[in-house]
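A short worksheet on the structure shown next.
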Amino acid sequence: MNNLKKRLNSPAYFAMIITFIFGIAVHLFGLLNTMHNHDDINNQPAGYGTGVESGRWLLTILGKLAQQITGNYTLTWFNGVLFIAFLAVSVGFVVATFRLKSLKLGALIGMIFVVFPTATCTLLFRYTAPYYGLAILFAVLAVWVIGKIRFAFFISAALTAMSLGIYQGYLPLTASLFVLLLLKQTLDEDLDFLAMFKRGIFYCAAMVAGLVL
């Protein structure tokens, strides 16, 4: 019980829980109903979307792996909940990246994150939504890992490449988080221009390395 209380007092952990619960609540109609579109119909009864022919090499690998294990069926409830779970974990890492101490602020970020138009639109493509949720998580981890462990530069680049390998649309998320992180570090650490410039180049280089990969 004490361990649970400590976790609930952690902004990152609290944000994850609130994001997941709020995500289920606001997307409940979509989770309980099937809303077909042209892509969804084309991928019935199973499929994961356009893969390596559109540059999504990791989507093809994961899709074929899932096909061998469980199949790529459009399971409205399961796929939607799994996507929201990935978003919730991503929010936890966003809160941890910026070392937020406010439970309310962390929860607010999570609620905005899970109802953002990009997230809502992704749920219209339920058959492939879990893969895209994983791509979002990779995009966030590419920023979180910087400064946390050894060889973080290379791991960040690999995570960016993996995110791009599922869907190319989440690189701006990584870039935005890097910019916000640099701004926060500039204020918190009182960085001079040269130090801020060097750190910005380092972050940019990690993304470029991910693109090259």
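The values are calculated or read from the model by the stated rules, or taken from the named source; none is laboratory data. Model, not experiment: these values are computed from the prediction. Because the Cβ atoms are built from the backbone with ideal geometry, glycine has one as well, and the counts that use them run over all protein chains shown. Areas reflect the complete protein model, heavy atoms only, side chains present, ligands, DNA and RNA absent. Shrake-Rupley method; radii C 1.70, N 1.55, O 1.52, S 1.80 Å.
Overview of results
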read-out	value
Among residues of the stretch 170-195, those that are open to solvent by less than 70 Å² (accessible area, probe 1.4 Å), free of Cβ contacts under 8 Å to residues at least 24 places away in the same chain and over 17 Å from Ala96 (Cα atoms), counted	3
Matching residues in the stretch 78-106 - criterion: being surrounded by 15 or more Cβ atoms within 10 Å (Cβ to Cβ) and either farther than 25 Å from Thr186 by Cβ or without any contact (Cβ under 8 Å) to a residue 40 or more places away in the chain (or both)	Asn79, Gly80, Val81, Leu82, Phe83, Ile84, Ala85, Phe86, Leu87, Ala88, Val89, Leu103
Search result, residues across the stretch 174-188 that are among the small types (Gly, Ala, Ser) and more than 15 Å from Phe93 (Cβ to Cβ)	Ala175
Within the stretch 107-135, tally of residues that are crowded, with 19+ Cβ neighbours inside 10 Å and free of Cβ contacts under 8 Å to residues at least 24 places away in the same chain	0
Matching residues, the stretch 61-77, being open to solvent by 90 Å² or more (accessible area, probe 1.4 Å) and farther than 24 Å from Met16 by Cβ	Ile61, Lys64, Leu65, Gln68, Ile69, Thr70, Tyr73
Test: residue in the stretch 76-90 that is modelled with pLDDT under 95, out of contact with any Gly (no Cβ under 6 Å at 6 or more places or on another chain) and not in a helix (DSSP H, G or I)	no
Residue satisfying condition, being under 27 Å from Phe83 (Cα atoms), without any contact (Cβ under 8 Å) to a residue 40 or more places away in the chain and open to solvent by 40 Å² or more (accessible area, probe 1.4 Å), within set Lys198, Lys148	Lys148
Qualifying residue in the stretch 173-190 (condition: within 23 Å of Tyr132 (Cβ to Cβ) and polar (S, T, N, Q))	yes
For Gly47: the one exception among (1) surrounded by 15 or more Cβ atoms within 10 Å (Cβ to Cβ); (2) within 28 Å of Phe93 (Cα to Cα)	(2)
Looking only at the stretch 7-32, and only at residues there that are in a loop (DSSP other than H, G, I, E, B) and open to solvent by less than 60 Å² (accessible area, probe 1.4 Å), the one that is nearest to Leu134 (Cα to Cα)	His27
Looking only at the stretch 91-114, and only at residues there that are outside any helix (DSSP H, G or I) and not small (Gly, Ala, Ser), the one that is nearest to Thr174 (Cα to Cα)	Phe98
Boolean, Val145 is of a type outside the set (Asp, Glu) and more than 11 Å from the chain's Cα centre (by Cα)	yes
Flag for Ala157 being in contact (Cβ under 8 Å) with a residue 12 or more places away in the chain and of a type in the set (A, V, I, L, M, F, W, C)	yes
Criterion: more than 26 Å from Ala119 (Cα to Cα) and either not in a loop (DSSP other than H, G, I, E, B) or not hydrophobic (A, V, I, L, M, F, W, C) (or both) - qualifying residue of Gly147, Gly210, Gly165, Gly169	Gly147
